[in-house]
Amino acid sequence: YIGYWQSTKYFKKFEKIIKSELKLMNLSSSAKKFIKKIDKNLAAIHIRGGDTLIDYNTVTPERKFYAKTIKLIKKKNNNIKFHIFTDDVEYSKKIIFSSNIKNFKIISTSKKFTDLEEFHILQNYKFVIISNSTFSWWAAYLNNIKASKIYAPKIWYNQAFPKELKIKNMSLI
């Protein structure tokens, strides 16, 4: 079977249960401390590189998606700083520098957190920019902040963003 089968319609009626049960049980003390320091002046950006750069079925978000979204967030909060989460630091640096971000920290380079901890940490930001990645989509779906704002690329893999994946507080850029 070829296609993309993820859809909120399969689990919509279980949303509350899913959100209450999909919690990381053994969060390190450093991850807990990090989460406590996340405030309204921090935004998360997930940039997926790796296999998406060589997979002909995947279209990575254009650099202008990140630049446009960052500019939009800065309009809402001029003091915003960005935390970058990624599986490809070198590719992320290209995105960061072409997007003209001045106040940022690449969290994934510290090797301080496991992938699961980074997934959990991503759920605690008011502003989250996701890539076309199941990892970042689920982190956005499980977001713990009531007034969060999620930004996603209009193109998901090699097609328009599936309407079945659009969640509340999500804008397509």
Of the residues in the range 40-66, those that are open to solvent by less than 80 Å² (accessible area, probe 1.4 Å), modelled with pLDDT under 90 and of a type in the set (Val, Ile, Thr) come to Thr52, Thr58, Val59, Thr60
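From Phe113, Phe104, Phe127, Phe119, which residue is within 10 Å of the chain's Cα centre (by Cα) and surrounded by fewer than 22 Cβ atoms within 10 Å (Cβ to Cβ)?
Details: Phe113 fails: within 10 Å of the chain's Cα centre (by Cα); Phe104 fails: within 10 Å of the chain's Cα centre (by Cα); Phe127 fails: surrounded by fewer than 22 Cβ atoms within 10 Å (Cβ to Cβ).
Just a single option satisfies the conditions, and that option is Phe119.
Select from the range 136-173 the residues that are of a type in the set (Phe, Trp, Tyr) and modelled with pLDDT of 90 or more and write down the one among them that is surrounded by the fewest Cβ atoms within 10 Å (Cβ to Cβ). Break it down stepwise before answering.
Narrowing the range 136-173 to residues of a type in the set (Phe, Trp, Tyr): 137-138, 141, 151, 156-157, 161.
After this cut, where a residue has to be modelled with pLDDT of 90 or more as well, the list is 137-138, 141, 151.
On the way: Trp137: 20, Trp138: 17, Tyr141: 20, Tyr151: 23.
The qualifying residue surrounded by the fewest Cβ atoms within 10 Å (Cβ to Cβ) is Trp138.
In the range 73-101, how many are of a type outside the set (A, V, I, L, M, F, W, C) and not in a helix (DSSP H, G or I)?
Quick first cut of the range 73-101, residues of a type outside the set (A, V, I, L, M, F, W, C) only: 74-79, 81, 83, 86-88, 90-94, 98-100.
Narrowing the set further to residues that are not in a helix (DSSP H, G or I) leaves 77-79, 81, 83, 86-88, 99-100.
So the count comes out to 10.
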Restricting attention to the range 91-101, the residues that are exposed (fewer than 15 other Cβ atoms within 10 Å of the Cβ) and not polar (S, T, N, Q) number exactly 2
Taking first residues from the range 92-118 that are over 22 Å from Phe65 (Cα atoms) and second residues anywhere that are surrounded by 13 or more Cβ atoms within 10 Å (Cβ to Cβ) and of a type in the set (Asp, Glu), the pairs with Cβ under 9 Å that are 6 or more apart or on different chains are Asp115/Asp87
Examine the range 21-37 for a residue that is exposed (fewer than 12 other Cβ atoms within 10 Å of the Cβ), more than 30 Å from Thr109 (Cβ to Cβ) and either modelled with pLDDT of 90 or more or not aliphatic (A, V, I, L, M) (or both), and state whether such a residue exists. yes
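The values are calculated or read from the model by the stated rules, or taken from the named source; none is laboratory data. What you see is a predicted model; the values in this text were computed from it and never measured. Every residue, glycine among them, receives a Cβ derived from its backbone with ideal geometry; neighbour counts consider all protein chains shown. Areas reflect the complete protein model, heavy atoms only, side chains present, ligands, DNA and RNA absent. Shrake-Rupley method; radii C 1.70, N 1.55, O 1.52, S 1.80 Å.
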